[in-house]
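What follows is a single structure, written as structure tokens, with notes after it.
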Amino acid sequence: MADRVPLPGGNVLRTRFWAVEHCVGPLGLGTVVVKPVRHVVHVAELTARESAELGPLLRRVSAAVTEVTAPEQVYVCLWSHAGGVPGHIHFVVQPVGREHLARFEAFGPALQTAMGAAGCFPEAAEVERICDRLRHVLG
């Protein structure tokens, strides 16, 4: 498809209901998205099985991101708008270190906004390496 974006690092983990991939946006190296395998626009639309798997998976992925990147904090948030319209849900798992806070002079949502505005994307080779490390930790 013409609108597909290359996915450096490929799938980091895939379960029956969820896929984990490196973020293709400007939220920094080691930021991954956890998204349902099937198309889901609202959290309320998740099945009982998808919901049951989500909490433990977010904890597991957050732990792996922490082990691999050694951040000060790991943000976990839901993003689901594309062009101002609700789209496929993505839980963003983002490692944040002091260097991010100092560089962008922001934290929380303001940090993510500043990182987006700066438009700094990690190099594909770096993403490949970190995804290999995450896959190893996640088993």
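All of the numbers you see were taken from the coordinates with simple rules; none came from a lab. Predicted, not measured: the structure shown is a model, and the values here were computed from it. Heads up, the Cβs are rebuilt from the backbone with ideal geometry, glycines too, and the neighbour counts pull from every protein chain shown.
Test of understanding: among Val68, Val12, which residue is touching a strand residue (DSSP E or B) at 6+ places or on another chain (Cβ under 7 Å) and among the β-branched types (Val, Ile, Thr)?
After ruling out the rest, the residue left standing is Val12.
Is it true that some residue in the range 74-90 is among the hydroxyl-bearing types (Ser, Thr, Tyr), out of contact with any helix residue (DSSP H, G or I) (no Cβ under 8 Å at 6 or more places or on another chain) and under 16 Å from Thr15 (Cα atoms)?
The answer is no, given that none of the residues of the range 74-90 is among the hydroxyl-bearing types (Ser, Thr, Tyr), out of contact with any helix residue (DSSP H, G or I) (no Cβ under 8 Å at 6 or more places or on another chain) and under 16 Å from Thr15 (Cα atoms).
List the residue pairs whose Cβ atoms are under 7 Å apart, where the first residue sits in the range 34-62 and is within 10 Å of Phe17 (Cβ to Cβ), the second is among the polar types (S, T, N, Q) and surrounded by 12 or more Cβ atoms within 10 Å (Cβ to Cβ), and the two are 6 or more positions apart or on different chains.
Close Cβ pairs satisfying both conditions: Glu53/Thr15; Leu57/Thr15.
Looking only at the range 11-27, which residues are part of a strand (DSSP E or B) and among the basic types (Lys, Arg)?
The one that is part of a strand (DSSP E or B) and among the basic types (Lys, Arg): Arg14.
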